[in-house]
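Okay, structure first, notes after.
The values are calculated or read from the model by the stated rules, or taken from the named source; none is laboratory data. What you see is a predicted model, and the numbers here were worked out from it, not measured in a lab. Glycine gets a Cβ as well: all are built from the backbone with ideal geometry, and neighbour counts include every protein chain shown. Just so you know, the surface numbers come from the protein's heavy atoms only, side chains and all, with ligands and any DNA or RNA stripped out. Shrake-Rupley method; radii C 1.70, N 1.55, O 1.52, S 1.80 Å.
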Amino acid sequence: MSDVKNDKDSSIEDKQKIKDIPDASFSNFILSLNAQALVFLGVLPHPETNKIDANILISKHTIDLLEILKEKTKGNLTQEEASLLDEILFRLRVVYVEVQKKGEKNHDKKIQLD
């Protein structure tokens with residue numbers, strides 16, 4: 001009988017986890033790449049370690065991937081998606097230049113994005 005209850009509890013937990021997953025959309029995909037770039041720029045802590053661990057080369061690679069997506073999807077995005085992608089690329093490039101100027105491989109200061 002306790003196995004049934006445990007199965008029920010785990011089923012509820014699984015449903016909650018699935019409910020917490022964002023929709024699979026282009027905008028959410030771009031936002032996840034943005035978050036990844038911000039982690040590697042040292043702006044956000046790594047989600048698993050909660051530590052700032054910048055890697056400028058990987059952040060540049062992620063920014064380059066976003067630029068490729070922009071080029072390859074040109075004319076196929078909604079106005080909102082195109083604007084989001086443009087805004088994200090602009091902000092990431094600004095932060096990237098700031099990090100480069102500081103010349104720090106592992107900077108530990110949060111840079112304001114607003």
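From the list Thr62, Thr78, pick out the single residue that is open to solvent by less than 70 Å² (accessible area, probe 1.4 Å), hydroxyl-bearing (Ser, Thr, Tyr) and within 14 Å of the chain's Cα centre (by Cα). It would help to see each step written out before you state the result.
On the way: Thr78 fails: within 14 Å of the chain's Cα centre (by Cα).
Unique residue meeting the criteria: Thr62.
Condition (residue is over 11 Å from the mean Cα position of the chain (by Cα), open to solvent by 70 Å² or more (accessible area, probe 1.4 Å) and farther than 12 Å from Val99 by Cβ) applied to segment 29-49: is it met by at least one residue?
Yes, segment 29-49 has at least one match.
Please enumerate the residues belonging to segment 67-81 that are free of Cβ contacts under 8 Å to residues at least 12 places away in the same chain and among the aliphatic types (A, V, I, L, M).
Answer for segment 67-81, where residues must be free of Cβ contacts under 8 Å to residues at least 12 places away in the same chain and among the aliphatic types (A, V, I, L, M): just Ile68.
Take Val94 and decide whether it is part of a helix (DSSP H, G or I), at pLDDT below 95 and aliphatic (A, V, I, L, M).
no
Would you check which residues across segment 85-96 are more than 14 Å from Leu38 (Cβ to Cβ) and under 13 Å from the mean Cα position of the chain (by Cα) and list them?
Hit for segment 85-96 is Leu85, nothing else.
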